Structures are given as C-alpha cells and as structure tokens.
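Just so it is clear, none of the values below were taken in a lab; they were calculated from the coordinates. Because the structure is predicted, anything quoted here is derived from the model rather than measured. Cβ placement follows ideal geometry from the backbone for every residue including glycine, while neighbour counts extend to all protein chains displayed.
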Amino acid sequence: MRSCTQRWKLKPTVRPSVRALPASAAAKDMAAVAVEKLAGLILQSRLRKFSLVEVKVESDGISLLQGKIQAASVSGRDWESPAYLTARELQFCVGEVAIDYTKLLTQQQIVLHNVPVGYGNVVFNARDFGNFITHPLVTCAAAKAVKGKSFIFNRDTACIQSGPRPAVYFSGTSVHHKRVYSAMMEPALDVHGQPCVRVLCKELTENPRGALSAISPNSRVVLQDSDYARPGPSDIPSQEVSEDLSNFFNHLLIDLQGVNLSFASMTIMTKDQNSTLTDPCVDLALTLKMVQFPPLNLKF
C-alpha cells in the first residue's frame with residue numbers, strides 16, 4: 001500500500017497536517033519503537049486473521065513521557081475481525097496526539113487532551129463489501145436510511161465491476177416500501193465538484209416477502225448496467241430509495257467506540273492499479289476524528 005501522503009488525492013482542503021513517518025525504525029527513539037510493538041500486538045489480539053499489522057509512531061522518549069505523539073499510522077492487510085469485518089488493505093494516519101500522562105500512570109486511563117484528526121483508506125473486495133454493509137456498525141447506521149426506516153442490506157449480492165461504468169452492486173429491502181431493491185453505487189461529483197457517490201436503484205420484485213437469498217450475486221437482473229438509468233417520475237419508490245441511499249453513504253459516519261470515521265470518496269480499483277489485488281475492489285477514503293481513545297478491548 002502506498003504511503004498516506006501518496007494515497008490522499010481527494011478533498012485536500014480537509015486533509016489534516018500529518019507529517020510523513022520515518023521509513024526505518026532504526027533511527028527512531030527506542031520508546032517509540034516499544035509503543036509501536038505494543039500497539040501492534042494489541043491490534044493483532046483483536047483480529048481473527050491478518051497477514052500484516054503495522055503501527056508507526058513519530059515521537060521521542062521525552063515527548064512520550066509528556067504524553068505527546070507527533071503522528072501515528074496503522075497499516076494492515078487481509079484483516080478479519082471477530083464480527084467478520086474484513087478488508088484486503090487498510091491504512092489510517094493521524095496527526096498530533098496529546099495524552100493525559102498523569103491519568104495514564106495513576107488511573108491506567110488513556111484520556112486525550114486534544115481531538116486528533118486524520119484520514120485513511122480501506123480496500124474491500126466484493127466479499128468484504130458485503131461484510132461491511134451487513135456489519136452491526138453499518139446496519140445500526142442504516143436503521144433510518146430510507147424514509148426514516150431501515151434498509152436491510154443483503155451480504156450475498158455484493159459485486160464490484162471495473163468495466164466502462166465502474167460501480168459496486170448490492171441489493172436489500174426497504175422497510176418503508178416493503179420491497180426489495182437492487183442498487184448500483186458509482187463514484188460521482190456533487191454540485192460543488194466534490195467527490196461523492198450516486199446510488200441508483202430499481203425494484204427487484206413486487207413481493208415484499210421475496211427471499212433475498214435467492215438472488216444470485218452474478219445475476220444479470222442485479223448487474224445489468226442499462227437497468228440503472230435514473231428512475232423516472234413514474235417510479236417514485238425507486239427514486240426515493242436511490243436518493244436516500246445516496247445520502248446515506250455520502251454522510252455515513254461510523255463510531256468505532258470513540259473514533260469517528262466519515263466517508264470522503266470512493267474509487268474502483270483493478271489489478272492494473274494495485275498489483276496485490278486479484279479482483280476488482282472498492283477503495284473507500286475516510287476522514288478520521290478521535291473524540292476519545294478507543295478502549296483496549298475494542299471489538300469490531
């Protein structure tokens with residue numbers, strides 16, 4: 001995975017000031033190296049599977065004793081959490097972190113003196129994206145996604161295509177409309193020229209109790225590009241679901257027990273763009289705000 005500086009291309013106005021971290025730990029303070037190793041071990045203990053977990057910290061012994069870290073990053077590959085949140089690659093960078101060192105020593109609590117901000121990227125293949133949209137963190141956020149009621153995503157129909165019209169496909173049930181919809185989500189620009197996503201939906205069945213499990217991920221009914229023209233005025237339900245799901249993903253905010261992750265942009269990636277990928281993937285760029293330090297027993 002490329003460095004944080006290289007990866008961040010979109011929405012530069014919201015990019016926090018995060019300096020590049022040292023490429024080699026050899027020239028770093030031993031205290032920072034110890035923090036990196038400890039944080040890496042803690043992260044590894046929270047995962048079911050992984051092929052890479054890497055933590056980098058920019059600081060020195062004196063600064064650490066004062067509770068200050070200039071910058072930090074977490075990188076990973078092939079992660080799988082206990083709740084089956086999976087990703088091919090991920091990287092998060094955060095700027096200055098100020099910790100209340102007195103409380104750390106006397107109460108064993110990590111209390112922040114500031115609100116660190118940063119950014120990151122998560123790369124999902126189709127299976128990962130299906131796990132993502134059905135993970136409790138997302139299903140909870142989607143409880144009022146369409147007309148104030150839940151949109152129930154179907155894990156098994158997630159698919160990513162990188163052809164002439166790169167997009168992510170999925171399906172789900174609108175509780176408000178009591179209907180099953182197939183959706184295509186593609187990168188777009190908003191009225192201000194900023195990156196966003198556009199979701200176009202169409203009804204799959206008139207049967208409100210239609211079994212989503214019967215929809216094949218490779219079904220041409222789900223994946224035919226031409227079916228996803230912008231819904232016309234006569235198809236009000238599909239138009240409503242399209243607009244509400246677009247709004248849902250563009251304003252998606254995930255609270256990872258104190259770490260707020262917000263959607264910034266989406267890119268469809270292929271093997272030509274990233275040699276480590278075997279299938280088309282979706283790269284979600286996120287902004288990060290650490291309202292409070294996540295618990296050491298963080299579960300996701």
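When peptides 252-259, 131-138 are ranked by their average number of other Cβ atoms within 10 Å per residue, the highest-first order is 131-138, 252-259. When the pairs Lys49/Lys271; Lys178/Lys299; Lys49/Lys149; Lys202/Lys299 are compared against a 27 Å limit on Cα-Cα distance, Lys178/Lys299; Lys49/Lys149; Lys202/Lys299 fall above it.
Residues Phe153, Phe293, arranged from fewest to most other Cβ atoms within 10 angstrom of their Cβ, appear as Phe293, Phe153. Extending 7 Å from the Cα toward the beta-carbon at both Ala98 and Ser275 defines two label points whose distance is 4.4 nm.
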